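Worksheet: the structure to be examined is printed underneath.
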Amino acid sequence: MKSKHSVKIIVVLAVLLFSVFYALPSTKIWENAFGIISPDEQAGVPARLLEYSAGEDGKSAVVKIQVDKMAELFNRSKNPARPDDALNNVAETVRKTLVDAGCEARVINPDYENGNASIRVNGKSADELKALVGSSRLYARLPLMLSSLFPRSKITLGLDLKGGIDLVYQVDLNSIQENDSITDAVKRSVEIIRNRIDMYGIAEPSIKAQEGNRIRIQLPGVKDPERVKQLIQNTAMLQFHIVVDQALTAAQLEPVNPEAEIVLMKPASPQQQAMWFKLNKKADVTGRDLKFAKVAFDDMGAPIVHLEFNAEGAAKFAQVTGSHIGEQLAIVLDNKVHSAPVIQSRITGGMAQITGRFTFEEAQNLSIVLRAGALPASLIALESRVVGPTLGQESINAGWAAGIIGALLVFMYMAVFYKLSGIFADLAVLFNTLIIFAVLVFFGGTLTLPGIAGLILTVGMAVDANVIIFERIKEEFKSGKTVKASINAGFDRALACIIDSNVTTLLTVAILYAFGSGPIRGFATTLGIGLIANVFTAIVCVKLALDMYYADGRAKTLSI
């Protein structure tokens, strides 16, 4: 008997293991066990290197975050991560978590060269801050190596559930350089936007090129839509020009030689009026020579953007500054002068900084777009749709409430009317739901509100299949057959009906998926996966459970 069912048992256990394997990382259990920070970043910026101390003012506490430069993450032969990026991401995650916990937290004294940054939290002692960070699920509580046994993928929630923004841009054809094709410009724009979004820290973004030189960007979980729009649209053309002359108006700078000179403006600020600059037309150093850009603070504590050039850029910068001592060097970003400091001496370290009375968020945005690179063309905003996180959460709550209430009623009905067999069917429905979530994660699908509707419909159809089977078993048992014969005959005779109903529904699902889009595809996806899983759980799993329960052949009655 054991050998008869061994293949089915192995298949069911394999599917169960697969489902748990892919569904678990999307649950709160995973975050509680392995933390909010990604396992790779935890290895590169480990919790053991966090240092807590009292602030110098006596009214705050400081946590110092340090990089382990010997971590495998930074030394692997293929695609090694940058310590600067890992430190930046972890520090920002810690800061956001502390802010969400109601603390006033800010990054201070970042030293990316030596791999450390500090976060000051007002109104906390060092012990209180340590306890707060320790209870925030930032780092793993179980051995981190166990997380490597599971996939990194998680369930992706659509905008209608998580909230966020849906943006459509069109590449401005007039801004494409002569040596670039339209297709290349769109493709490069998609990649650069993706790099910027990844550095900003938005999970599960959808960034795709569409017809008509359009780019569609869906960003779930965004809490500051305007800031993200600026991050995306900023072309980030960084250039350094030697200043020829400056004046309060453009007219005062005439005449201008259009072959060798350009006139650009430095925008006004609350402390200073606008200023116009006549510059050498040819840029001496550009953003293409940039190695890294990061947020730093000047002597007064104001945010600035610290620049580090690559070897070629550092050589150019040293040559320019050495040849123009006493002159001004304008730092130009997107055809606007940000600052024009006087060159005091030859700068050989390949370092520079951009000042401009930034807020911390503005400086962080600028550093991100500079690191990701300049867009090959300007973007024209065509459509912007914001889904509030409150509406998304209400949708989730409503969907789960409907699903749970409906499932409970169905489970109670099955248990009351079909007794033990109904309980087996209930367990099969739960297994069915687990399979749907696992398959969505495996194929990178997105769960939307219509998808939840498809999931609820799947529960009803799964129960419907079991009802057909159980009623057939009842009829066979009443006709005088044994328990075992009734079970076999019931499944055999119900199989054709179940396959027929599921196949016809699958054809409808295929049509919806092929010709639909967005929410319709979400509904079709979960319903299609659920129908296939339904056949497996109803025909294989429930049959196996009944066969094993009545395996001895001595039972005289059915609990059905």
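The values are calculated or read from the model by the stated rules, or taken from the named source; none is laboratory data. Bear in mind the structure is a predicted one, so any value in this text is a computation, not a measurement. Cβ coordinates were reconstructed from backbone atoms using ideal geometry, including for glycine residues, and neighbour counts include every protein chain displayed.
Just one of the listed residues (Ile452, Ile498, Ile487) is surrounded by fewer than 21 Cβ atoms within 10 Å (Cβ to Cβ) and in contact (Cβ under 8 Å) with a residue 24 or more places away in the chain, namely Ile498. Counting only strands (runs of 3 or more DSSP E) that sit completely within the range 83-179, those holding 3 or more residues that are surrounded by 21 or more Cβ atoms within 10 Å (Cβ to Cβ), touching a Lys or Arg at 6+ places or on another chain (Cβ under 8 Å) and not assigned by TED's automatic domain parsing to the domain that holds Lys59 correspond to 164-171. Checked against (1) part of a strand (DSSP E or B); (2) surrounded by fewer than 21 Cβ atoms within 10 Å (Cβ to Cβ), His241 passes all but condition (2).
Condition check ((1) among the aliphatic types (A, V, I, L, M); (2) closer than 26 Å to Met548 by Cβ; (3) in contact with a helix residue (DSSP H, G or I) (Cβ under 8 Å, 6 or more places away or on another chain)) across all residues:
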site: Ser421; (1), (2), (3): no, yes, yes
site: Leu449; (1), (2), (3): yes, no, yes
site: Ala453; (1), (2), (3): yes, no, yes
site: Val463; (1), (2), (3): yes, yes, yes
site: Arg472; (1), (2), (3): no, yes, yes
site: Gly480; (1), (2), (3): no, yes, no
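Any residue at all in the range 525-540 that is at pLDDT below 85 and farther than 28 Å from Ile560 by Cβ? Among the residues of the range 525-540, not one is at pLDDT below 85 and farther than 28 Å from Ile560 by Cβ, which makes the answer no.
State whether the residues of the range 533-540 include one that is closer than 26 Å to Met412 by Cα, in contact with a Phe, Trp or Tyr (Cβ under 7 Å, 6 or more places away or on another chain) and among the polar types (S, T, N, Q). Checked against the condition, which is being closer than 26 Å to Met412 by Cα, in contact with a Phe, Trp or Tyr (Cβ under 7 Å, 6 or more places away or on another chain) and among the polar types (S, T, N, Q), the range 533-540 yields at least one hit.
Taking first residues from the range 98-117 that are closer than 19 Å to Ala302 by Cα and partners that are part of a strand (DSSP E or B) and hydroxyl-bearing (Ser, Thr, Tyr), the Cβ contacts under 7 Å between residues at least 6 apart in sequence or on separate chains come to Ile108/Ser118; Asn109/Ser118.
Quick grid of which residues meet (1) modelled with pLDDT of 85 or more; (2) on the phi > 0 side of the Ramachandran plot:
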| residue | (1), (2) |
| --- | --- |
| Ser181 | no, no |
| Ile202 | no, no |
| Gly221 | no, yes |
| Arg227 | no, no |
| Phe240 | yes, no |
| Leu279 | yes, no |
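Restricting the range 507-524 to residues that are at pLDDT 90 or above and not β-branched (Val, Ile, Thr) leaves a set whose member that is surrounded by the most Cβ atoms within 10 Å (Cβ to Cβ) is Ala510. For the range 414-472, give me each residue that is within 23 Å of Leu17 (Cα to Cα) and either outside any helix (DSSP H, G or I) or not assigned by TED's automatic domain parsing to the domain that holds Leu506 (or both). Phe443, Gly444, Gly445, Thr446, Leu447, listed by residue number. Does Ala14 satisfy the condition of being out of contact with any Asp or Glu (no Cβ under 7 Å at 6 or more places or on another chain) and outside the structural domain of Ile436 (by TED's automatic domain parsing)? Taking the combined requirement at face value, the residue does not satisfy it. Scanning the range 417-432 for residues that are free of Cβ contacts under 8 Å to residues at least 40 places away in the same chain and surrounded by 18 or more Cβ atoms within 10 Å (Cβ to Cβ) yields a single hit, Asp426. What do you reckon, is Ala489 more than 36 Å from the chain's Cα centre (by Cα), among the small types (Gly, Ala, Ser) and in the same structural domain as Val509 (by TED's automatic domain parsing)? Here the answer is yes, as Ala489 does meet what is asked.
Among the residues making up the range 33-55, those that are more than 19 Å from the chain's Cα centre (by Cα) and not in a loop (DSSP other than H, G, I, E, B) are Ala33, Ala43, Gly44, Ala47, Arg48, Leu49, Glu51, Tyr52, Ser53, Ala54.
Of all residues being among the polar types (S, T, N, Q) and in contact (Cβ under 8 Å) with a residue 40 or more places away in the chain in the range 295-333, which is nearest to Val285 (Cα to Cα)? Just the residue, please.
First, the residues of the range 295-333 that are among the polar types (S, T, N, Q): 310, 319, 321, 323, 328.
Now restrict to residues that are in contact (Cβ under 8 Å) with a residue 40 or more places away in the chain: 310, 328.
Numbers: Asn310: 11, Gln328: 14 Å.
Here the answer is Asn310.
With Val441, Val410 as the choices, which residue is within 24 Å of the chain's Cα centre (by Cα) and buried (at least 17 other Cβ atoms within 10 Å of the Cβ)?
Details: Val410 fails: within 24 Å of the chain's Cα centre (by Cα).
Val441 is the lone residue from the list that is within 24 Å of the chain's Cα centre (by Cα) and buried (at least 17 other Cβ atoms within 10 Å of the Cβ).
Residues in the range 56-70 that are touching a helix residue (DSSP H, G or I) at 6+ places or on another chain (Cβ under 9 Å), in a loop (DSSP other than H, G, I, E, B) and surrounded by fewer than 20 Cβ atoms within 10 Å (Cβ to Cβ): Asp68, Lys69. When residues of the range 161-174 are filtered for being touching a strand residue (DSSP E or B) at 6+ places or on another chain (Cβ under 6 Å) and closer than 28 Å to Phe18 by Cα, how many remain? Adding up the residues that qualify gives 1. Determine, yes or no, whether Ala555 is more than 25 Å from Gly403 (Cα to Cα), surrounded by fewer than 16 Cβ atoms within 10 Å (Cβ to Cβ) and either modelled with pLDDT under 85 or out of contact with any helix residue (DSSP H, G or I) (no Cβ under 8 Å at 6 or more places or on another chain) (or both). In short, yes. Just give me the residues in the range 509-560 being assigned to a helix (DSSP H, G or I), without any contact (Cβ under 8 Å) to a residue 12 or more places away in the chain and not charged (D, E, K, R), in sequence order. Once the filter is applied, which keeps residues that are assigned to a helix (DSSP H, G or I), without any contact (Cβ under 8 Å) to a residue 12 or more places away in the chain and not charged (D, E, K, R), the range 509-560 yields Ile511, Ala514, Phe515.
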